1. Being at negative phi, out of contact with any Gly (no Cβ under 8 Å at 6 or more places or on another chain) and free of Cβ contacts under 8 Å to residues at least 40 places away in the same chain: is that true of Phe27 here?
2. If you go through segment 10-65 one residue at a time, how many are surrounded by 15 or more Cβ atoms within 10 Å (Cβ to Cβ), assigned to a strand (DSSP E or B) and not aliphatic (A, V, I, L, M)?
3. Kindly provide the set of residues from segment 31-79 that are of a type outside the set (A, V, I, L, M, F, W, C), in contact with a Pro (Cβ under 8 Å, 6 or more places away or on another chain) and over 11 Å from Arg8 (Cβ atoms), ordered by number.
4. Answer with yes or no whether Thr3 is surrounded by fewer than 13 Cβ atoms within 10 Å (Cβ to Cβ), modelled with pLDDT of 95 or more, of a type in the set (Val, Ile, Thr) and in a loop (DSSP other than H, G, I, E, B).
5. I'd like the full set of residues that are outside any strand (DSSP E or B) and either touching a Ser or Thr at 6+ places or on another chain (Cβ under 8 Å) or of a type in the set (A, V, I, L, M, F, W, C) (or both), limited to segment 66-79.
6. Looking at (1) more than 12 Å from the chain's Cα centre (by Cα); (2) in contact (Cβ under 8 Å) with a residue 40 or more places away in the chain, can you tell me which one Asp68 breaks?
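The values are calculated or read from the model by the stated rules, or taken from the named source; none is laboratory data. Small disclaimer: the values here were computed from a predicted structure and weren't measured. Because the Cβ atoms are built from the backbone with ideal geometry, glycine has one as well, and the counts that use them run over all protein chains shown.
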Amino acid sequence: MPTSPPDRSATVWSSTFIPSKSPLPGFGTEGYSVAWVDSGTERLQVVVDGARPTPGTTGRLVDRTFDDQTVEMFMADDR
């Protein structure tokens, strides 16, 4: 998996909540959200770090490491 530049901006196109345990160790034990985001160059499906965002929410893509797995996640901007 390629590593993304830090703090790459993104805007949510759509999102959904998954009401089951996340496959990522220690994350989303009671459910988690995924979002489809536009990064300016591509549309990606990513895990959300935080509450489920609404379409149009702006934020950034960040890398998080769970055990030895690096995952690109969406973090919403502070409002």
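1. Numbers: at negative phi: yes; out of contact with any Gly (no Cβ under 8 Å at 6 or more places or on another chain): yes; free of Cβ contacts under 8 Å to residues at least 40 places away in the same chain: yes.
So Phe27 passes the test.
2. 8
3. Within segment 31-79, Gly31, Ser33, Asp67 qualify.
4. Values: surrounded by fewer than 13 Cβ atoms within 10 Å (Cβ to Cβ): yes; modelled with pLDDT of 95 or more: no; of a type in the set (Val, Ile, Thr): yes; in a loop (DSSP other than H, G, I, E, B): yes.
In short, no.
5. Residues of segment 66-79 that are outside any strand (DSSP E or B), as a first pass: 67-68, 77-79.
Of everything in segment 66-79, just one residue is outside any strand (DSSP E or B) and either touching a Ser or Thr at 6+ places or on another chain (Cβ under 8 Å) or of a type in the set (A, V, I, L, M, F, W, C) (or both), namely Asp77.
6. Failed condition: (2).
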